[in-house]
Amino acid sequence: MKYVLSQKYDTPELMSKIMGPNPVKLEEELLLDCKIPKGSVVCDLGSGQGLTSVFLAKEYGFKVYASDLWSDPEENRKFFREMGLTDEQIIPVKADAEALTFEKEFF
């Protein structure tokens with residue numbers, strides 16, 4: 001498979017934010033033939049330092065809640081802004097996957 005979208009994120013600076021297999025490539029593969037409409041509100045659960053959240057916002061036009069228990073939301077917010085995203089496009093959240101406070105069907 002050619003990873004057309006994720007190739008844009010293959011820089012040393014951005015790759016330093018990942019651990020293990022490339023999550024951006026995995027995300028691109030998972031979203032092949034994506035039927036989720038642009039502008040949809042999605043949760044990137046376990047977003048880490050936010051690279052996958054950036055990918056979802058920039059490449060698919062989703063409003064992303066970047067949710068992670070271990071990452072600092074303010075550090076992520078700074079990264080998101082550096083990547084050209086607004087606070088309305090991507091929202092960093094410190095949350096435990098087993099205790100999410102979002103309303104049912106929010107995403």
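The values are calculated or read from the model by the stated rules, or taken from the named source; none is laboratory data. Fair warning: this is a prediction, and the values are worked out from it, not measured in the lab. Cβ: placed from backbone, ideal geometry, glycine included. Neighbour counts: every protein chain shown. Surface areas here come from the heavy atoms of the whole protein model, side chains and all, with no ligands, DNA or RNA. Shrake-Rupley method; radii C 1.70, N 1.55, O 1.52, S 1.80 Å.
Remarks
- Distance from the stretch 1-40 to the stretch 46-107 (C-alpha centre basis), Å: 15 Å
- The share of accessible area on the chain that comes from carbon and sulfur is 53 percent, using a 1.4 angstrom probe.
- Annotation: peptides 30-39, 48-57, ranked by per-residue average of other Cβ atoms within 10 Å with the highest first, follow the order 48-57, 30-39.
- Annotation: the antiparallel percentage among DSSP beta bridges lying fully within the stretch 43-107 is about 0.
- A simple charge model with +1 on the Cβ of Lys and Arg, -1 on the Cβ of Asp and Glu and nothing else charged puts the dipole of the chain at about 320 debye relative to its Cα centre.
- Per residue, the stretch 1-100 exposes 60 Å² of solvent-accessible protein surface, assessed with a 1.4 angstrom probe and all protein chains in place.
- Taking each DSSP H run with n ≥ 4 as -39500 (n - 2.57) and averaging over every residue of the chain yields -8000 deg cm²/dmol at 222 nm.
- Extension gain from Thr11 to Glu105, taking 0.36 nm per residue of separation minus the Cα-Cα distance: 30.3 nm
- FRET efficiency, Asp96 to Leu30 (Cβ-Cβ, R0 22 Å, nearest 0.05): 0.40
- Across the options Leu51, Cys34, Leu69, the greatest Cα extent toward the positive end of the charge dipole of the chain (unit charges at beta carbon of Lys, Arg, Asp, Glu) belongs to Cys34.
- When you restrict to C-alpha pairs under 8 Å that are six or more residues apart and normalise by the size of the chain, the relative contact order lands at 23 percent.
- Low-density loop cleavage sites - GluC sites (Glu not before Pro) in the stretch 66-107, where at most 13 other Cβ are within 10 Å (DSSP): Glu88, Glu98, Glu103, Glu105
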